[in-house]
Amino acid sequence: MPADGTLAAPVSAAPRASSLQRLARRRSTIAFVMTLPLIAVIAGLVAYPAGYAIYLSMLNRRMDEFAWFLNYEILVESETFWLVVWQSCLFAVTAVVLKALIGFWLAHMLHHIPTKGQRKWRGMLLVPWVIPPALSTLGWWWMFDPTYSSINWLLAIIAVPPVPWLGEPWWARVSVIIVNVWYGAPFFMIMYLAALKSVPEQLYEAAAIDGATGWQRLRYVTLPMMRNIISITVLFSLIVTFANYDIVRVLTNGGPRDLTHLFATYAFQVGILSGNIPRGAAVSLFMLPLLAVFAFFILRGVTRRNKEMA
Amino acid sequence: MAQVSLRSLVKEYDGGVQAVKGIDLEIADHEFVVLVGPSGCGKTTTLRMIAGLEEITRGEIAIGGTVVNDIPPRDRDIAMVFQNYALYPHMTVFDNMAFGLLLRKFPREEIRRRVDEAARILDIASLLDRKPKALSGGQRQRVAMGRAIVRNPKVFLFDEPLSNLDAKLRVQMRTEIKKVHQTVKTTTVYVTHDQVEAMTLADRVVVMNHGVIEQVGPPQELYHRPATRFVAGFIGSPAMNFIPARLEAASGALNLHLPGGIVLPVPEERTGRYEAAKGREVLFGIRPEHLTERREGRATYAEIEITPEVIEPMGMETLVHFHLDGARDLCARLDPTVPAAPGAPIRLTADLANMHLLDPQSGRVL
């Protein structure tokens, strides 16, 4: 190092270094090399499967010819496909709204239990989320069974006639939503509980002194302070619920009469069970634009609020 | 506007810990009262009980003659400024200030008028559209005060509002708070652990320690006539010196025998007051400003020789730290022109007209 203390080693070595060595020494090159593992993971697990799915969706049924958008055209003209779109939207939106409401209510209740008792309740309420959904859905299937239904047995006690839970289209839709809400609400609960705990107590005190009632504190302090968590949780859950597979597969297998199919189960039925892989790929790719629009608006709101508050 | 009365106020937490042990205090209309004391003395708990944020275990709080024990904070007609401001981060400055009025269903024009007026007083009119994140500490503090002012409440409560600001801004905001009080004249209860804030702001200072009130009085009275050792040591910076001594009679007069053979004559006008303590061990208290470089000309002046340990030149004065046998951490305030060096003995003058004698057992000033 020279007397003035500056880093002069690269300069003195520069005249003899090849252009390749210079390239390796550049900060941008080093940064690229260091992010290479992540790029490889994304390329291998996200970009390649997505690109391959797009490629598959453009082949003919025997996968020996390029058919361009034929699969999409057939789907758009298919009545069953539009039923799947409608059922997927109904299922995802209803289930996410219910999960969010129930999760918020549970989180609020838990938040007001003293810490000692809270852990016990928190643990118990998380159980549905911890059990593998394929297994717990089997349990629900048993409870919905037309012959042995324990729910109908309970209803009979209060003189309500038996409900054809999985046999009648509307009831089957309700059943699928009930199971999804039962499984997913604890996730919302735990996220909202964390968000509730992060709202500074002094804001509530300031609001109480400002004259806010309990409801007004919720409306003007709690909800605005939780908006980012609510948005992100809803987005995340919307994506997962939209792409749900196991509950419908175990509970109704898409029936009765294909009326409870979601994108994922329908794609499986068309692609794997019926052996039309290109069309199955086209079904699953239909989810993408819908979710991209949701994600764009929700994440834009989150970024804006982060800049303003935090 | 209203007076605030605290009667036999007790706050007991689960497990029997008493934070406030039965205090009585009358705060007059328009008065600025500062509760001061070290951490854990119960001052913030007292303030929070007045605000209604903390339940009262026993006793009574009345605001404007009405007992408010069971009245929720929103119906007490008070406004509070918190230590970390507690501004709503998702609202603009205007909305933060207007929130209380909005909830009370004030007409829109009236809200606009009041917020504009408060913003003018606090010089934050140009910040009304900003969010709290875009403000500096001092500006946030002003907004928090603005939120209190617009409500025009019966009582202002301040909970250590300046402790998050840097030293320079703290002095500036202290003046602002005093100015605002002189303008709006609302009864104010202000909590701080900083005795300088207490002395500069208060009409009356309430010194608290271990959940009880040690002394209540105007700042000058607390400074010159402290009632207890705690108050004497807490008010004033650097703190008062305490030296163990013995009070002895000497041919019609009284002498103080300090460690190291130092004998100080008690001024004549004080002998009657200290007569009862004759022959007893006492604590001799004297403030650093009354322990100065050698002076002459007054009968109450007495000399002490000391050896400085540390010299602190402050510019307008020089602080000399030293110890005597049996008394450590003593301090004298010297004129900066007086030469003093660590280890070189110098003679100081103690102005005994300003001395205090304390009972070492009870801690009461005699």
(request) Scan A:LEU262, A:LEU290 and give me the residue that is modelled with pLDDT under 85 and either touching a Phe, Trp or Tyr at 6+ places or on another chain (Cβ under 8 Å) or crowded, with 23+ Cβ neighbours inside 10 Å (or both). (result) A:LEU290
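Select from the range B:103-119 the residues that are facing chain A (nearest Cβ under 9 Å) and either within 15 Å of B:ARG142 (Cβ to Cβ) or not basic (Lys, Arg) (or both) and list them in ascending order. Spell out the reasoning first.
Within the range B:103-119, the first condition is being facing chain A (nearest Cβ under 9 Å), and the residues that meet it are B:103-104.
Passing the criteria: only B:LEU103.
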(request) Scan the range B:57-74 residue by residue and report those that are surrounded by fewer than 19 Cβ atoms within 10 Å (Cβ to Cβ) and either in a strand (DSSP E or B) or touching a residue at least 24 places away in the same chain (Cβ under 8 Å) (or both). (result) B:THR57, B:ARG58, B:GLY59, B:GLU60, B:ALA62, B:GLY64, B:GLY65, B:THR66, B:VAL67
(message) Is it the case, given these coordinates, that B:GLY146 is part of a helix (DSSP H, G or I), under 26 Å from A:LYS307 (Cα atoms) and in contact (Cβ under 8 Å) with a residue 40 or more places away in the chain?
(response) yes
(message) The conditions are (1) touching a Phe, Trp or Tyr at 6+ places or on another chain (Cβ under 7 Å); (2) under 22 Å from A:ASN244 (Cα atoms), and A:MET58 fails exactly one of them. Which is it?
(response) (2)
(request) State all residues of the range A:91-123 that are surrounded by fewer than 15 Cβ atoms within 10 Å (Cβ to Cβ) and within 17 Å of the chain's Cα centre (by Cα); if no residue qualifies, say none. (result) A:VAL93, A:VAL97, A:LEU101
(message) Condition check: assigned to a helix (DSSP H, G or I) and either over 29 Å from the mean Cα position of the chain (by Cα) or in the same structural domain as B:LEU162 (by TED's automatic domain parsing) (or both). Does B:ARG130 satisfy that?
(response) no
(message) Return the residues of the range A:242-259 that are surrounded by fewer than 23 Cβ atoms within 10 Å (Cβ to Cβ) and assigned to a helix (DSSP H, G or I); say none if nothing qualifies.
(response) A:PHE242, A:ASP246, A:ARG249, A:VAL250
(message) I'm trying to understand the selection: among the residues of the range B:246-272, which are part of a strand (DSSP E or B) and of a type in the set (A, V, I, L, M, F, W, C)?
(response) B:LEU247, B:ALA249, B:ALA250, B:ALA253, B:LEU254, B:LEU256, B:LEU258, B:ILE262, B:VAL263, B:LEU264
(message) The conditions are (1) at pLDDT below 90; (2) within 30 Å of B:THR337 (Cα to Cα); (3) of a type in the set (D, E, K, R), and B:GLU289 fails exactly one of them. Which is it?
(response) (1)
(message) Looking at the range B:201-211, can you tell me whether even one residue there is buried (at least 16 other Cβ atoms within 10 Å of the Cβ), among the small types (Gly, Ala, Ser) and assigned by TED's automatic domain parsing to the domain that holds B:GLU110?
(response) yes
(request) Output the number of the condition that A:PHE296 fails; it satisfies all remaining conditions of (1) exposed (fewer than 15 other Cβ atoms within 10 Å of the Cβ); (2) touching a Leu at 6+ places or on another chain (Cβ under 9 Å). (result) (2)
(message) Is it the case, given these coordinates, that B:VAL191 is modelled with pLDDT of 90 or more, surrounded by fewer than 19 Cβ atoms within 10 Å (Cβ to Cβ) and hydrophobic (A, V, I, L, M, F, W, C)?
(response) no
(request) Would you be able to say whether some residue in the range B:334-343 is surrounded by fewer than 18 Cβ atoms within 10 Å (Cβ to Cβ), among the hydrophobic types (A, V, I, L, M, F, W, C) and within 26 Å of B:LEU283 (Cα to Cα)? (result) no
(request) Could you look through the range A:209-231, keep only residues that are closer than 12 Å to B:HIS90 by Cβ and in contact (Cβ under 8 Å) with a residue 24 or more places away in the chain, and pick out the one that is surrounded by the fewest Cβ atoms within 10 Å (Cβ to Cβ)? (result) A:ARG227
(request) Go through the range B:75-95 and give me each residue that's of a type outside the set (A, V, I, L, M, F, W, C), within 9 Å of chain A (Cβ to nearest Cβ) and touching a residue at least 24 places away in the same chain (Cβ under 8 Å). (result) B:ARG76, B:GLN83, B:ASN84, B:TYR85, B:TYR88, B:PRO89, B:HIS90
(message) Out of A:VAL221, A:VAL270, I need the residue that is among the β-branched types (Val, Ile, Thr) and either more than 14 Å from chain B (Cβ to nearest Cβ) or more than 30 Å from B:ILE78 (Cβ to Cβ) (or both). Which one?
(response) A:VAL270
(message) Tell me the residue from A:MET34, A:MET58, A:MET63 that is surrounded by 13 or more Cβ atoms within 10 Å (Cβ to Cβ), more than 25 Å from the chain's Cα centre (by Cα) and not assigned by TED's automatic domain parsing to the domain that holds A:ALA172, please.
(response) A:MET58
(message) Any residue that is assigned to a helix (DSSP H, G or I), among the hydrophobic types (A, V, I, L, M, F, W, C) and buried (at least 18 other Cβ atoms within 10 Å of the Cβ) - is there at least one of those in the range B:157-168?
(response) no
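Is it the case that B:ALA125 is at the interface with another protein chain (Cβ under 9 Å from one of its Cβ atoms), of a type outside the set (D, E, K, R) and under 33 Å from the mean Cα position of the chain (by Cα)?
Answer is no for this residue.
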(message) Looking at the range B:51-74 only, could you name the residues that are within 11 Å of chain A (Cβ to nearest Cβ) and either touching a Ser or Thr at 6+ places or on another chain (Cβ under 9 Å) or at negative phi (or both)?
(response) B:ALA51, B:LEU53, B:GLU54, B:PRO72, B:PRO73, B:ARG74
(message) Against the condition touching a helix residue (DSSP H, G or I) at 6+ places or on another chain (Cβ under 6 Å) and either closer than 27 Å to B:THR45 by Cβ or surrounded by fewer than 19 Cβ atoms within 10 Å (Cβ to Cβ) (or both), how does B:ALA125 come out, does it pass?
(response) yes
(request) Of the numbered conditions (1) more than 7 Å from chain B (Cβ to nearest Cβ); (2) crowded, with 18+ Cβ neighbours inside 10 Å; (3) part of a helix (DSSP H, G or I), A:ALA206 fails exactly one; give the number of that condition. (result) (1)
(request) Could you list all residues from the range A:124-156 that are at pLDDT 90 or above, surrounded by fewer than 11 Cβ atoms within 10 Å (Cβ to Cβ) and either more than 19 Å from A:TYR245 (Cα to Cα) or among the polar types (S, T, N, Q) (or both)? (result) A:MET124, A:VAL127
(request) State which residue is farthest from A:LEU166 (Cα to Cα) when the search covers only the range A:179-203 and only residues that are within 13 Å of another protein chain (Cβ to nearest Cβ) and in a helix (DSSP H, G or I). (result) A:GLN202
(message) Going through A:TRP165, A:TRP182 one at a time, which residue ends up being touching a helix residue (DSSP H, G or I) at 6+ places or on another chain (Cβ under 6 Å) and at pLDDT below 90?
(response) A:TRP165
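The values are calculated or read from the model by the stated rules, or taken from the named source; none is laboratory data. Since the model is a prediction, treat every value here as computed from it, not as a measurement. Glycine also receives a Cβ, built like all others from the backbone with ideal geometry; neighbour counts cover every protein chain displayed.
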